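The values are calculated or read from the model by the stated rules, or taken from the named source; none is laboratory data. Remember, predicted model here, so these are calculated numbers, not experimental data. Positions of Cβ are generated from backbone atoms using ideal geometry, with glycine treated the same way; all protein chains shown enter the neighbour counts.
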Amino acid sequence: MSASKQNNYGNITIESLLERGQKDSTTRTVLVKQTIQRASNDLKENKPKSALKHANLALRFNPENPDAQLMAGKAALANQDYQTAIKYLKPLTTQKPEGEVFELLGVSQFFQGDYDAAKQNLRGALERDPDLWRANVILARIENNQGQTELADNLFAEAMNKTDKQALVYDHQGYALKKRGKLTDAVQAFETAQSLSNNVYGNHDTYRLAKAQSGAINSVIQNSTSSELGRLYRSLGREALNSGDKIQAIKFLKKAMMHFPKHDQETADLIGSVQLASQAR
């Protein structure tokens, strides 16, 4: 019997458990509760793929269970599958209209780029539970992206006062400051997030990009892997292209190709778009 069939339930197959659940509602209720708890533990231990596996299993036991649907939405969000998260969370705003549901839905919509819907649901989350600090943080990101920087700063400050998980707040604030072009402030926010979380938060491509653009590119080069430098030069090339500097864009993108261990199609496509733009002139 394969390990995948056992799925950590000893020698009992998933198919056998499903059969039992179909025959006995009490058994089905217990199985749903157990698998939801396993998915919840997976998320706490930063195991998003395992969480998704257990959440999907809970749905197999009872597809109509709102707690199973909520966990499936959480697990999909943790795996950055925002479309699936929205699919599970949106119906719950009427079936289980709790602040957490609106918060998770708003966060998913933010990362999908649907700012208006995200803002509405995040505000709905805070109306139901003012202590939901993540709703503050993502609302701040949205207001920042829409040019409401003072409101964004106030929302970040409110989030800081609501949680002891300030590293994550500083990380999001770094993204907001980078978006405004305040590179030195962004780097400081990212590095604060790093120091508060032992590099769990803040140490990522956007941090390296902001630091390089702030004038510390040599430091970034010395402290980055080859793949990280490939992504850095690709981002620098993309931003140069967006600003209209095609010559600088090509220089950065060619450097990016040198650092990737194999052919990178995204970088190649950017180079192609620069060359096409140049030929069209």
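Among residues belonging to region 178-202 that are within 16 Å of residue 143 (Cβ to Cβ) and either among the polar types (S, T, N, Q) or out of contact with any Phe, Trp or Tyr (no Cβ under 9 Å at 6 or more places or on another chain) (or both), point out the one that is surrounded by the fewest Cβ atoms within 10 Å (Cβ to Cβ).
Let us first name the residues in region 178-202 that are within 16 Å of residue 143 (Cβ to Cβ), namely 178-180, 182.
Checking the rest, the ones that are also either among the polar types (S, T, N, Q) or out of contact with any Phe, Trp or Tyr (no Cβ under 9 Å at 6 or more places or on another chain) (or both) come to 179-180, 182.
On the way: 179: 16, 180: 14, 182: 17.
Going through the qualifying residues, I end up with 180.
Within region 65-91, the set of residues being in the same structural domain as residue 118 (by TED's automatic domain parsing) and among the basic types (Lys, Arg) comprises 87, 90. Does at least one position in region 60-81 carry a residue that is surrounded by fewer than 22 Cβ atoms within 10 Å (Cβ to Cβ), outside any loop (DSSP other than H, G, I, E, B) and free of Cβ contacts under 8 Å to residues at least 24 places away in the same chain? No, region 60-81 has no match at all.
For residue 90, state whether it is over 23 Å from residue 146 (Cα atoms) and among the charged types (D, E, K, R). So residue 90 passes the test. Among the residues of region 214-234, count how many are surrounded by fewer than 19 Cβ atoms within 10 Å (Cβ to Cβ), assigned to a helix (DSSP H, G or I) and not charged (D, E, K, R). Residues meeting the conditions: 10.
Given the structure, is residue 201 aromatic (Phe, Trp, Tyr) and either under 24 Å from residue 113 (Cβ atoms) or modelled with pLDDT under 95 (or both)?
Taking the combined requirement at face value, the residue satisfies it.
Going by what's in this entry, would residue 207 be described as outside the structural domain of residue 276 (by TED's automatic domain parsing), in contact with a helix residue (DSSP H, G or I) (Cβ under 6 Å, 6 or more places away or on another chain) and assigned to a loop (DSSP other than H, G, I, E, B)? Even if it seems obvious, please write down each step before you answer.
Working: outside the structural domain of residue 276 (by TED's automatic domain parsing): yes; in contact with a helix residue (DSSP H, G or I) (Cβ under 6 Å, 6 or more places away or on another chain): yes; assigned to a loop (DSSP other than H, G, I, E, B): no.
Criteria not met by residue 207.
Hey, can you tell me all the residues within region 183-219 that are more than 27 Å from residue 153 (Cβ to Cβ) and among the β-branched types (Val, Ile, Thr)? Matches in region 183-219: 217 only.
Could we say that residue 179 is at pLDDT 95 or above and over 23 Å from residue 83 (Cβ atoms) here? If you could, list the steps in order and put the result at the bottom.
Numbers: at pLDDT 95 or above: yes; over 23 Å from residue 83 (Cβ atoms): yes.
Yes: the conditions hold for residue 179.
Scanning region 22-55 for residues that are of a type in the set (S, T, N, Q) and buried (at least 18 other Cβ atoms within 10 Å of the Cβ) yields one hit, 35.
I'd like to verify a number: residues in region 156-166 that are of a type in the set (A, V, I, L, M) and either in contact with a strand residue (DSSP E or B) (Cβ under 9 Å, 6 or more places away or on another chain) or surrounded by fewer than 19 Cβ atoms within 10 Å (Cβ to Cβ) (or both), how many? Full working, then the answer.
Step one: of region 156-166, the residues of a type in the set (A, V, I, L, M) are 157, 159-160.
Among the residues that remain, those that are also either in contact with a strand residue (DSSP E or B) (Cβ under 9 Å, 6 or more places away or on another chain) or surrounded by fewer than 19 Cβ atoms within 10 Å (Cβ to Cβ) (or both) are: 157, 160.
Summing the residues that are of a type in the set (A, V, I, L, M) and either in contact with a strand residue (DSSP E or B) (Cβ under 9 Å, 6 or more places away or on another chain) or surrounded by fewer than 19 Cβ atoms within 10 Å (Cβ to Cβ) (or both) in region 156-166 gives 2.
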